[in-house]
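Before any comments, here is the structure.
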Amino acid sequence: MNHTHRPCCWLVLVLALGILIGHFLPFALIFWLWSSSALVLFFLFRGRLWPIYLGIFCLGAALIHVAHPPAMDILHDWRAQLKQSFDHYLDGQEAGTMSAIVLGDRGQIPKEINMVFRHTGTGHILVIAGLHMAMMTAMVIFILKLVRLPRVWQLTLSILLIFIYALLTGGSVPVMRAAFMASVILASLSVELESDALNSLAFAALGLLLMDARNLFDTSFQLSFAAVAAIIILYTPIEKRLSFFPNWLSGAIAVSTAAWIGITPLQMWHFGTFTPIALIANLFIVPLLDITVALGLSLAIAGLGPAPLAWGLAGCLKVVFNLMVVVAFWFCKIPFGYIQLK
């Protein structure tokens, strides 16, 4: 791979290496890194670039020693108002789970629902990430097109609203990663450039690590980026090998398999769990999640307005949501679908 085509990939690797080494060294030894690593980096990279990589490397080693206060949810009041829509139109279990899926509030997820999705390897649906951001982006662009704004203004406002939504949901690592990626892709569209998915992912990682170097050791950060990176790298090879299936089926299997390959080693390392059933469960649950997220976002907003529209959306959401939970319960009962290794 030519690093000039994917500069963010190389930058984030060097930054992560600096953070990793800096994590195990006292801050007083950081200065030593400048001289001790210069020779190695000189041979690894082209001469005109190694000073940049050296600077990024040492920046990462220093950042791990800088304390960052927890992010403040500056949109707490808006979040509470949207949550009231779920509390008013859904029952307790539905409202608690939808608050997690749409607003990132995981405090009221029923234990049995949390356990079922975790045991089927589909616990990621309870964390706001790329799917939710894609839905939000599509809804925003659709609304902005209705008001006939120039394309540049549509994309600029879309990026702004994406980050507002990211903050609204608490600014977790997966949602910030998705927000960064979506913003890069939208920005590239505004100047009619083709965005490289892997480079966009690396840009998101770079931004999150610069904001807080300790994200590198966060389990959510590792799982989120491992899953997306695996999909980007492995999707096409897997999909080609499944060409005898219809396109929609081969694509779905390829995404599910790639993500599973990406996160399984980390799941075994952090949690001691192995979930082979996830390969099949995701094929059935994720499409239902698509509809659930779309209806959930719509209900959260509609709940602030006329009641008849909100009740109609709530009825549709109840049907799809409960079907998704029933499917998850069914997969949870399959023997050896979930294996606890330690």
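Once backbone amide H atoms are built at 1.01 Å from N, Ile109 has no partners under 5 Å, excluding neighbours fewer than 5 places away on the same chain. For the range 306-317, backbone phi angles converted through the Karplus equation (6.51, -1.76, 1.60; θ = phi - 60°) give residue-by-residue couplings of x, 5, x, 5, 5, 5, x, 5, 5, x, 5, 5 Hz, Gly and Pro being listed as x.
Distance between the modelled labels on Thr219 and Leu20, one decimal in nanometres: 2.1 nm (7 Å Cα→Cβ projection).
The P(r) of the range 203-342 has a tail past 22 Å containing 56 percent of all C-alpha pairs.
For Phe329, the solvent-accessible surface computed with a 1.4 Å probe is close to 80 Å², ligands and nucleic acids excluded.
Over all other residues within a Cβ to Cβ distance under 15 Å of Ala202, the charged ones net out to +1, with Lys and Arg as +1 and Asp and Glu as -1. Here the 3J(HN,Hα) profile of the range 276-284, calculated from phi with Karplus coefficients 6.51, -1.76 and 1.60 at θ = phi - 60°, is x, 5, 4, 4, 8, 4, 4, 5, 9 Hz, Gly and Pro shown as x. Within the same chain, lysines fewer than 8 places from Lys83 are excluded, and of the rest, those with a Cα less than 29 Å from its Cα are Lys111, Lys145, Lys318.
The shape of the range 78-216 comes out oblate: with a ≥ b ≥ c from the C-alpha gyration tensor, a/c is at least 1.5 while a/b does not beat b/c. Protein-only accessible surface at a 1.4 angstrom probe places the residues Trp330, Trp10, Trp248 in the order Trp248, Trp330, Trp10, largest first. In order along the range 197-203, the Karplus-derived 3J(HN,Hα) couplings, from 6.51 cos²θ - 1.76 cosθ + 1.60 at θ = phi - 60°, round to 4, 5, 5, 5, 4, 5, 4 Hz, and Gly and Pro are given as x. If you sort the three axes of the alpha carbon gyration tensor as a ≥ b ≥ c, you get a/c of 1.5 or more for the range 146-273 and a/b no higher than b/c, which makes it oblate. Between the amide H of Thr273 and those of Met268, Leu341, distances stay under 5 Å, these residues lying 5 or more places away or on another chain, with hydrogens modeled in the peptide plane. Only protein atoms count toward the accessible area here, which uses a 1.4 Å probe; on the range 198-292, the carbon and sulfur part of that area reaches 73 percent.
Normalised per residue, the accessible area of the range 236-331 is 50 Å², obtained with a 1.4 Å probe and no contribution from ligands, DNA or RNA.
The values are calculated or read from the model by the stated rules, or taken from the named source; none is laboratory data. These numbers were taken from a predicted model, which means no experiment stands behind them. Methodologically, a virtual Cβ is constructed for each residue, glycine included, from the backbone with ideal geometry; neighbour enumeration extends over all protein chains shown. These area figures cover heavy atoms from the full protein model, side chains too; ligands, DNA and RNA do not enter into them. Shrake-Rupley method; radii C 1.70, N 1.55, O 1.52, S 1.80 Å.
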